[in-house]
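Worksheet: one structure, shown below.
The values are calculated or read from the model by the stated rules, or taken from the named source; none is laboratory data. Computed from a predicted model, the values in this text were never measured in an experiment. Glycine also receives a Cβ, built like all others from the backbone with ideal geometry; neighbour counts cover every protein chain displayed.
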Amino acid sequence: MAPATSSSSASAPSDQVSRRASILARHLQNTRNSNQLPSLESSICLQYSPAEISNKSDFETRDLRRLMDGHNLEDRDWLFGLMLQSNFFCPRSRGGKVFVSADYNQTMEQQREMTMKRIGYLLSLGVFEGWLTKRDPESELRKLAFLECVGSYDHSLAIKIGVHFFLWGGAIQFFGTKRHHDKWLKDTENYLVKGCFAMSELGHGSNVRGIETITTYDPKTQEFVINTPCESAQKYWIGGAANHATHTIVFSQLYINGCNQGVHAFIAQIRDADGTICPNIRIADCGHKIGLNGVDNGRIWFDNVRIPRENLLNSVADVSPDGQYLSAIKDPDQRFAAFLAPLTSGRITIAANSIYVSKISLAIAIRYALTRRAFSLSPNGPEVLLLDYPSHQRRLLPLLAKTCAMSCGINWLKSIYVKRTPEAIKMIHVFSSAFKATFTWHNMRTLQECREACGGQGLKTENRVGHLKGEFDVQSTFEGDNNVLMQQVSKILLAEYMAAQKKKQPFKGLGLEHMNGPCPVLPGQLTRSDLRSSQFQTAILCLRERDLLNRFAAEVSLYQAQGESKEYAVILSYQLAEDLARAFTDRAIYKIFLEAEMTSSGPLKNVLGLLRSMYVVTILEEDASFLRYGYLSPDNAVVVRKEVVKLCSELRPHVLSVVNSFGIPDALLSPIAFDWVDANSWSSI
């Protein structure tokens, strides 16, 4: 049977022939008149138009930069200038501008040597002066600012410098006493000694308490003897160990008269000044990595390595010449906690560096989206800028708001850290753990979204964003696995909760004072006014944290009532622990961002208000706990989602000014952030 056809689709053969003949006639007529058509001219081609032409700032970008950078703006610009004027930083001209970035086409060995040459250049110009020999808050903030600047150029350079100064040098500062400070700090600052930090082992990373390296004491010679008793005890991922370090801090179990006194820190020489590996030391290279190939990560084995008794870093504990163990801290747990102090500074610098890199990727992706067009809304209409698509705004602007909020958060934590007191140690540990985990996760998500938002250009190494993903992926696991750090945060919050309940006293510290008041009450039906109200935003973030802390404590108690140990009960409650740690961190960042907003005025205050509201509604939309535990109804969740879109449209006119406020030199961005047509022209090859 023949297929049926509708009358509307059927037509006589003669009609089809007539129609085709008419089309052909028109085509031939156009061909004969082609000399009357306008010729193809360059004006038809896409032309780059700088984003600044159509995006004017209505606030002083320098005022916002003061909030974003927080401190040492002039010092940062000075260091940026030093990097831009040296051939060690590989300047290249593209699209009429000069850019600097490390040459990642070099071999691993070449990248490592270039890292050391850059350090030598910065050393010769006095960049590291006072990094270890000055301890006042102003000097420490300057050091932190400089590390952020070099990290914005090359992660390997920042890590190599950070290991030397913050881990090796920091361990001597924190764990050592005057004899160590006098002997080691000045030479470390001048790179006469090159240090590394041997904590991680093949078999133990986050679980430092379980490391297997063993140190014993020989009272006859008054020496410590360090041993790697098994392959899993080899020191692993030790930055600087493979090629350049002359000395290391060794973390080891200390045995005195057969009794294990726990983890302690020792100074051991691993190379002579000429680079020769010392006797009874074995070193191997960790090899090529997905990023950070300018850092010489190595593995170390110790075979009965003898060091002087004075090389024990003894601010926490000491061993007398005749072999008696001495410590004012009798509790082994408290002693162990004291030995983790250098990791606090490491986590702070990682968190700060991750936000700097998020700023770079957003500046590149947003500037590109303000000049790159795709598709038109009508047959002959102009193509639309990428950032004028609501979907593109939705991809980038919530990340921009989060980055601004987190930037204020890390500046607050740095200000606390440089003025630290013994009473602030726990607070710094909690916030550095929470911020390090949250900010590095945010950075990786931001890099991925910016890479995709740049399309194929995001794959080019010279455009930075794609390559930075590999360079910064490691941040999620070094200086503490992010998931483990967040569980530590929740455990400390649980301890605060239990102590307050047991003593029947109000909460004090860590921002938990809101737990002392009545439980916040939220509107039943949310409006735009509610969502943008700081009162509502504070209430819902505090309600979530309060409820999750109560739920976490109740679940742990329930498991304990069923016979589980407290430690295992916490492990079983890991889902609530993760939700709680996020709630704590989000609320803390929000509070800091709100306080920063309150210090501003005029148009800048209005923009900060938009960014703050975007930060909150993005959290409300993205975190399932708001629906899971009933803080938002499904109907209110719909209102929240619509508000994200509305805030995107309102932030759109300000985004260029915001990214320009990051204070990042043009040379540290990439060609697609500027004239990407000229940068890819034939003449630029």
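Things to note:
- Top-ranked residue in the stretch 176-208 [being part of a helix (DSSP H, G or I) and in contact (Cβ under 8 Å) with a residue 60 or more places away in the chain; ranked as surrounded by the most Cβ atoms within 10 Å (Cβ to Cβ)]: Trp184
- The stretch 456-489: number of residues that are under 14 Å from the mean Cα position of the chain (by Cα), charged (D, E, K, R) and at negative phi: 4
- The condition (being closer than 30 Å to Ala51 by Cα, crowded, with 19+ Cβ neighbours inside 10 Å, of a type in the set (A, V, I, L, M) and touching a residue at least 40 places away in the same chain (Cβ under 8 Å)) is satisfied by just one residue among Val556, Val617, Val570: Val617.
- Extreme residue, surrounded by the fewest Cβ atoms within 10 Å (Cβ to Cβ), among residues of the stretch 300-334 that are of a type in the set (Ser, Thr, Tyr) and over 23 Å from Glu212 (Cβ atoms): Ser320
- Taking the criterion of being buried (at least 19 other Cβ atoms within 10 Å of the Cβ) and closer than 18 Å to Asn353 by Cα, the residues of the stretch 445-468 that qualify are Thr446, Leu447, Cys450, Arg464, Val465, Gly466, His467, Leu468.
- Meets criteria (modelled with pLDDT under 95 and not assigned by TED's automatic domain parsing to the domain that holds Ile664) for Arg135: yes
- Some residue of the stretch 411-429 being within 17 Å of Leu362 (Cα to Cα) and within 18 Å of the chain's Cα centre (by Cα): no
- Residue check for Asp333: more than 21 Å from Leu167 (Cα to Cα), part of a helix (DSSP H, G or I), free of Cβ contacts under 8 Å to residues at least 60 places away in the same chain and not assigned by TED's automatic domain parsing to the domain that holds Met68: yes
- Residues that are out of contact with any Ser or Thr (no Cβ under 9 Å at 6 or more places or on another chain) and not in a strand (DSSP E or B) within the stretch 233-243 comprise Ala242, Asn243, listed in sequence order.
- Number of residues in the stretch 97-115 that are within 15 Å of Glu462 (Cβ to Cβ) and not aromatic (Phe, Trp, Tyr) equals 8.
- Residue in the stretch 537-545 that is free of Cβ contacts under 8 Å to residues at least 24 places away in the same chain and either outside the structural domain of Leu399 (by TED's automatic domain parsing) or closer than 23 Å to Val640 by Cα (or both) present: yes
- Just one of the listed residues (Ala405, Ala374, Ala401, Ala365) is under 25 Å from Arg652 (Cβ atoms), in contact with a strand residue (DSSP E or B) (Cβ under 7 Å, 6 or more places away or on another chain) and among the small types (Gly, Ala, Ser), and it is Ala374.
- When each of Glu113, Glu129, Glu140, Glu148 is tested for being out of contact with any helix residue (DSSP H, G or I) (no Cβ under 8 Å at 6 or more places or on another chain) and either of a type in the set (A, V, I, L, M) or over 16 Å from Ile249 (Cβ atoms) (or both), the lone residue that passes is Glu113.
- Close pairs from the stretch 129-140: first in contact (Cβ under 8 Å) with a residue 24 or more places away in the chain, partner exposed (fewer than 13 other Cβ atoms within 10 Å of the Cβ), Cβ under 7 Å, at least 6 apart: Pro137/Lys419
- Residue match in the stretch 624-644 (condition: over 27 Å from His514 (Cβ atoms) and out of contact with any helix residue (DSSP H, G or I) (no Cβ under 9 Å at 6 or more places or on another chain)): yes
- Residue that is at pLDDT 95 or above and either of a type outside the set (Gly, Ala, Ser) or buried (at least 22 other Cβ atoms within 10 Å of the Cβ) (or both), where the choices are Ser252, Ser232: Ser252
- Filtering the stretch 429-436 for residues that are surrounded by fewer than 19 Cβ atoms within 10 Å (Cβ to Cβ) and not aliphatic (A, V, I, L, M) leaves an empty set.
- Residues being in a helix (DSSP H, G or I), surrounded by fewer than 23 Cβ atoms within 10 Å (Cβ to Cβ) and not small (Gly, Ala, Ser) - total across the stretch 382-395: 5
- Taken over the stretch 256-295, the residue count meeting the criterion of being part of a loop (DSSP other than H, G, I, E, B) and in contact with a strand residue (DSSP E or B) (Cβ under 6 Å, 6 or more places away or on another chain) is 5.
- When residues of the stretch 633-685 are limited to those that are over 19 Å from Arg372 (Cβ atoms) and among the acidic types (Asp, Glu), the one farthest from the chain's Cα centre (by Cα): Asp635
- Count of the stretch 602-632 residues which are closer than 29 Å to Leu370 by Cα and over 28 Å from the mean Cα position of the chain (by Cα): 2
- Scanning the stretch 265-296 for residues that are surrounded by 14 or more Cβ atoms within 10 Å (Cβ to Cβ), within 20 Å of Asn105 (Cα to Cα) and among the β-branched types (Val, Ile, Thr) yields one hit, Val295.
- When Gly663 is tested against (1) part of a helix (DSSP H, G or I); (2) within 30 Å of Ser93 (Cα to Cα), exactly one condition is not met: (1).
- Residue within the stretch 296-314 that is under 21 Å from Pro422 (Cα atoms) and not in a loop (DSSP other than H, G, I, E, B) present: no
- Looking only at residues of the stretch 184-229 that are modelled with pLDDT of 95 or more and basic (Lys, Arg), we find that the one that is nearest to Cys286 (Cα to Cα) is Lys194.
- In the set Tyr368, Tyr389, only one residue is more than 27 Å from Lys642 (Cβ to Cβ), aromatic (Phe, Trp, Tyr) and more than 17 Å from the chain's Cα centre (by Cα); that residue is Tyr368.
Here is a yes/no grid of residues against (1) surrounded by fewer than 16 Cβ atoms within 10 Å (Cβ to Cβ); (2) more than 30 Å from Ser670 (Cα to Cα); (3) at pLDDT below 85:
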| residue | (1), (2), (3) |
| --- | --- |
| Ala2 | yes, yes, yes |
| Leu28 | yes, yes, yes |
| Ala51 | no, no, no |
| Arg62 | yes, no, no |
| Leu84 | no, no, no |
| Arg94 | no, no, no |
| Val98 | yes, no, no |
| Ala102 | no, no, no |
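- Checking Ser490, Ser534 one by one, the residue that is buried (at least 18 other Cβ atoms within 10 Å of the Cβ) and of a type in the set (Gly, Ala, Ser) is Ser490 and no other.
- Just one residue in the set Leu362, Leu377 is surrounded by fewer than 24 Cβ atoms within 10 Å (Cβ to Cβ), among the aliphatic types (A, V, I, L, M) and assigned by TED's automatic domain parsing to the domain that holds Gln487; that residue is Leu377.
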